[in-house]
Amino acid sequence: MPLPEPLAPRRPERLWWPLAAAGGAGLAAVAVLAATGRAELMASLTALAFVALSAGLALFLTGRQGPALTGEPAQDAGPQAPFAEVVDGLPDPLLVVSAMEADDLTGRRYIFANRSARELLRVGPSQGLLISVIRDPQVLEAIDEALFGGIAAESVYEIAGVQARVLRAQARPLGAGPDGSRLALVAFRDETELRRVERTRVDFLANASHELRTPLASLSGFIETLRGHAREDEGARDRFLGIMQAQAERMSRLIDDLMSLSRIELNEHVAPDDDVDLSCAVRDAVDAAAPLARARGVRLDSTLPERGLACIAGDRDQIIQVVQNLVDNALKYSPDGGAVSIALTCGATAAQASAGERSDLTRLSLLSPDHAAEAYAVLRISDQGAGIAREHLPRLTERFYRVEGQKSGERAGTGLGLAIVKHIANRHRGGLLVESGEGRGTTFTVYLPLRARAQAAVAKAS
Ligand SMILES: Nc1ncnc2c1ncn2[C@@H]1O[C@H](COP(=O)(O)OP(=O)(O)O)[C@@H](O)[C@H]1O
Ligand SMILES: [Mg+2]
C-alpha cells in the first residue's frame with residue numbers, strides 16, 4: 001500500500017528505527033508475558049511499547065518514502081525494508097488514519113494497514129474511507145480524539161458473528177503530515193481471551209460463594225431452631241447436631257479443595273521434579289480408601305507393576321490426591337456390592353494411552369500433553385456405576401460441575417475433584433481421558449511421562 005503524496009519525505013530522519021525496534025521488541029515481550037499470565041507487567045510494557053512504536057512510526061511517516069512501508073525497493077537501501085516487515089509481521093492489527101477537516105467525515109481515510117489489520121477489517125492493500133471499514137461510533141470517536149484532540153484515546157471494538165471477538169482499539173496522535181493533514185495510529189489488541197478468563201473468574205467466585213453459603217445458611221437455621229423450639233427436645237437436638245456437623249465438614253472440604261486448586265494453579269507452570277514411584281503412591285492411596293470401600297461393600301482390585309518400574313518426576317502428595325479423587329468418585333458412584341479396578345501399566349505412548357481400552361463406551365480426552373514424551377505410566381480406574389451421559393463428559397473438569405441428579409444426599413461432593421485431577425495431570429505434563437456409557441460404568445485414565453531411567457528399565461523388563 002503506497003503512502004500518499006503528502007507523506008513524501010522532507011528530510012531523512014533516523015530516529016524512527018531504534019524507536020520502532022524498541023516498540024516491536026516491547027510488543028514481543030508483551031506476547032511472552034501474555035502467554036505466562038503476567039498481567040500487571042504486561043499492561044505497563046504494552047503502554048511503553050506503543051509509545052515507542054507510535055513515535056517511531058510518526059518519525060518514519062514524516063521522514064521517509066512510502067514504498068518502504070510496503071516493502072517495495074527503496075532508493076536508499078537503509079533499514080526501511082526490515083521496518084516494513086516488522087510492522088507487517090506484528091500480531092496486533094495496526095492502522096494509520098489521516099484526516100483534513102474535523103467536520104468532513106468522508107475525509108477520514110486509512111492510509112496504511114498492516115497484515116493483521118487487513119485480515120481483521122477485511123480490506124485489501126489499497127487505501128480507503130475509514131467509515132467503510134470501521135462503523136462503531138465509539139471507536140470513530142476515539143480516533144477523532146487522537147486526530148483532532150491530539151490525545152490518546154481508546155474504545156472497545158466488538159465483532160459479532162460466529163467467531164465473536166472483543167478488541168481494544170487504542171488511538172494515538174501521530175501529529176501532522178507534511179501536507180497539514182492530521183495523522184493517528186490505531187492499534188487493536190485482542191482481548192477476547194482476557195474477557196473469557198475474567199468471566200470464568202467472576203463465575204468461579206459466584207459459584208464458590210454460593211457453595212459456601214448453602215451449608216452456612218443451613219447451620220444458621222439449625223442454630224436458631226436449637227435456641228428456639230427444639231431447646232428441650234433431646235432427640236431433635238442430636239439429629240440437628242448431626243446435620244450441623246455434616247454441613248461444617250462440607251464447608252471444610254470445600255475450603256480444602258479450593259485451597260488445593262489455587263495452590264496447584266499457582267505453580268502449574270513449574271514441572272515437579274521429585275522422584276515418585278507411582279506403584280507405591282497408588283498403593284498408599286488405595287489402602288487409604290479401603291475402609292470406605294468396605295463400608296460401601298465395594299471390592300477394590302488393584303494391579304500394580306513392581307517397585308522401581310513406574311518412576312516419574314512428580315509431586316507425591318499431588319499424585320496421591322489424583323488417585324484419591326478418582327477412587328473416591330468410583331466408589332461414590334458404584335452400586336453396592338460392585339467392584340472398582342485400579343490398574344497401572346508402564347511404557348505406552350501418548351497415542352496408546354489416549355486410545356482408551358473400552359470400545360463400547362464413549363471416549364473423550366479431557367487433557368492431552370502439549371509435548372508427547374516417549375513413554376508414559378498409565379493409571380486406569382474403572383467402576384461399574386451408572387456411567388455418565390455423553391453430553392456431560394466435556395464439562396466434567398469444570399469447577400463445581402456436577403451431573404444433575406447426582407448432587408444430593410450422601411453422594412454430595414464439592415464438584416472440584418476432577419478439576420483438581422486435571423490441573424495436577426497438567427502440571428505433570430500428562431493427560432486425562434474419560435470413557436463412559438450410561439449403565440455401563442466409567443473409566444478414568446491418567447497418564448504421566450515416565451522418567452528416562454524408568455523408560456530404560458521398562459524396555460529391559462519387556
Ligand atoms: N466414576 C464416576 N461415575 C459417574 N459419575 C461420575 C464419576 N466421576 C465423576 N462423576 C461425575 O462428575 C462430577 C464431577 O466430579 P468431581 O469433580 O469429582 O466432583 P464431586 O465432588 O461431585 O465428586 C460428579 O459430580 C459426578 O456427577
Ligand atoms: Mg469427586
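The values are calculated or read from the model by the stated rules, or taken from the named source; none is laboratory data. Because the structure is a prediction, the values reported are computed rather than measured. Heads up, the Cβs are rebuilt from the backbone with ideal geometry, glycines too, and the neighbour counts pull from every protein chain shown.
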Check: Only one of these conditions is not met by residue 234: (1) of a type in the set (D, E, K, R); (2) in contact (Cβ under 8 Å) with a residue 60 or more places away in the chain; (3) exposed (fewer than 11 other Cβ atoms within 10 Å of the Cβ). Which number is it?
Finding: (2)
Item checked: residue 433, sole failed condition from (1) touching a helix residue (DSSP H, G or I) at 6+ places or on another chain (Cβ under 9 Å); (2) away from ligand 1 (no atom under 15 Å from the Cβ); (3) on the phi < 0 side of the Ramachandran plot -> (2)
Check: Can we say residue 266 is more than 16 Å from ligand 2 (Cβ to nearest atom) and free of Cβ contacts under 8 Å to residues at least 12 places away in the same chain?
Finding: yes
Check: Is it the case that some residue within the range 342-351 is within 15 Å of ligand 2 (Cβ to nearest atom), hydrophobic (A, V, I, L, M, F, W, C) and crowded, with 18+ Cβ neighbours inside 10 Å?
Finding: no
Notebook entry, point to check: Residues of the range 353-407 being buried (at least 20 other Cβ atoms within 10 Å of the Cβ), in contact (Cβ under 8 Å) with a residue 60 or more places away in the chain and in contact with a Pro (Cβ under 7 Å, 6 or more places away or on another chain), which ones?
Noted result: 376
Notebook entry, point to check: For the range 322-345, what are the residues that are more than 10 Å from ligand 1 (Cβ to nearest atom) and at pLDDT 95 or above?
Noted result: 322, 323, 324, 339, 341, 342, 343, 344, 345
Next item on the list: Answer yes if at least one residue in the range 188-200 is under 30 Å from residue 252 (Cα atoms) and either touching a helix residue (DSSP H, G or I) at 6+ places or on another chain (Cβ under 6 Å) or β-branched (Val, Ile, Thr) (or both), and no otherwise.
Entry: yes
Note to self: Tally up the residues in the range 346-359 that are more than 15 Å from residue 433 (Cβ to Cβ) and part of a loop (DSSP other than H, G, I, E, B), please.
What the structure shows: 0
